[in-house]
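See structure below.
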Amino acid sequence: MSRNAILLYVFLNVVLFFFISIFYYLSLTSSYPSVINIPKGSITSIITHLQKNNLDINRLDSILLNFFGSPQSGWIEIHPTNNITYETSKGDFLYQLTNSKAALKEITLIPGETMYFFIENISSTLGLDKKELWEAYQEYTSYPDGVILPNTYKVPLDIGPRYLMSYLIEQSMKEHKRNAIKILGRYDEKQWFNYITIASIIQKEAASKEEMPLIAAVIYNRLKIKMPLQMDGSLNYGEYSHQKVTPHRIRNDKSVYNTYKNYGIPPYPVGSASMDAIIATIKPADVDYLFFVKNASGGHSFSNNYKTHIDNINQ
């Protein structure tokens with residue numbers, strides 16, 4: 001065998017040994033977190049950060065990562081599991097490290113809920129400061145409530161208060177505009193949020209979707225004859241969202257939301273409103289009802305005169 005042939009044979013064996021070693025190394029299994037926070041910086045600094053957090057990763061991995069790609073910064077979900085850690089091969093972990101998407105959390109605003117409790121929920125879910133959330137919210141809108149549409153939103157774990165509120169408000173305002181154009185054919189913000197304010201009261205008062213157009217009719221009928229709305233739902237604003245409205249509360253609440261003391265609708269929504277409530281506001285039932293009261297079936301009994309209303313109360 002010639003010298004060149006021997007050298008080629010040795011070289012091929014070295015290469016083969018190298019690839020076998022790398023393959024073996026990448027097949028080694030270990031436990032890794034399901035969600036990892038990747039700092040901004042070079043691959044070397046990322047490896048150092050992960051080592052300090054007791055992950056099974058070393059300098060060789062920094063070399064291998066150059067072939068897999070660079071990890072994105074922020075919280076990323078390495079493996080979709082409910083467990084804190086999971087076991088996988090080194091190769092799969094390095095691949096996931098460079099290809100996984102941002103770790104997301106769900107925050108939900110239910111129809112009728114107020115910003116006060118939505119921010120409480122955000123703070124608890126994402127670990128964000130409530131004061132900073134309020135400051136960010138007020139930076140992007142002048143409406144105390146009713147701007148963010150009820151929905152479930154998926155947001156990154158490491159999102160900050162300002163970006164979060166900017167995103168939620170911007171997306172909701174775009175949706176408000178789309179809905180207005182779809183239903184009304186045009187978008188006038190002042191007119192639209194006048195509807196949202198009425199819809200937010202309907203959302204609080206109605207026992208069902210079917211009742212919403214009827215309650216909308218009651219509101220418009222009362223406004224037409226300059227009768228106070230006297231809706232308990234309007235007093236379920238902010239931190240009072242889940243509190244029963246008592247006579248003491250009615251007498252002592254001096255806010256603009258007290259429709260027992262103030263004529264007309266409040267200047268702002270009292271909470272979030274669903275599309276059903278918004279549509280009911282725009283398309284109320286064609287009835288002459290002025291009163292409604294809860295009945296034994298869990299719904300409301302409606303009437304167009306006070307005498308019948310008192311009878312319904314007694315029943």
**Asked** aspartates and glutamates within cross-link reach of Lys177: Cα-Cα under 16 Å, excluding same-chain residues under 8 positions apart?
**Response** Asp188, Glu189
**Asked** Taking only Cα atoms, what is the 0 to 90° angle, nearest 10, from helix 189-205's long axis to the longest principal axis of the chain?
**Response** 80
**Message:** Can you tell me, using C-alpha contacts under 8 Å and at least 6 residues apart, the relative contact order of the chain as a whole percent?
**Reply:** 16
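Using the Cα atoms as the points, what is the convex hull volume per residue of segment 109-315 in Å³? Mind dumping the intermediate values first?
Values: hull volume 27.1 nm³, N = 207.
Measuring per residue, one finds 131 Å³ for the Cα hull of segment 109-315.
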**Prompt:** So what is the 222 nm mean residue ellipticity for the chain from helices alone, if each DSSP H run of at least 4 adds -39500 (n - 2.57) and you divide by all residues, rounding to the nearest 500 deg cm²/dmol?
**Reply:** -15500 deg cm²/dmol
**Prompt:** At what distance in nm do the modelled label points of His49 and Asp288 sit from each other, each positioned 7 Å from its Cα along Cα→Cβ?
**Reply:** 7.0
**Request:** Compute the acute angle (0 to 90°) between the alpha-carbon long axis of helix 59-68 and the principal axis of greatest extent of the alpha-carbon atoms of the chain; round to the nearest 10°.
**Result:** 70
**Request:** For the chain, find the longest principal axis of its Cα atoms and tell me its angle to the long axis of helix 43-52, 0 to 90°, nearest 10.
**Result:** 80
**Message:** With the cut-off at 1.5 for a/c, could you classify segment 159-210 from its C-alpha gyration tensor as rounded, prolate or oblate?
**Reply:** oblate
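Bear in mind that the values in this text are calculations on the coordinates, not laboratory data. Every value quoted in this text rests on a predicted model; they were computed, and no experiment measured them. Reconstructed Cβ throughout: ideal geometry from the backbone, glycine too, with neighbour counts over all protein chains shown.
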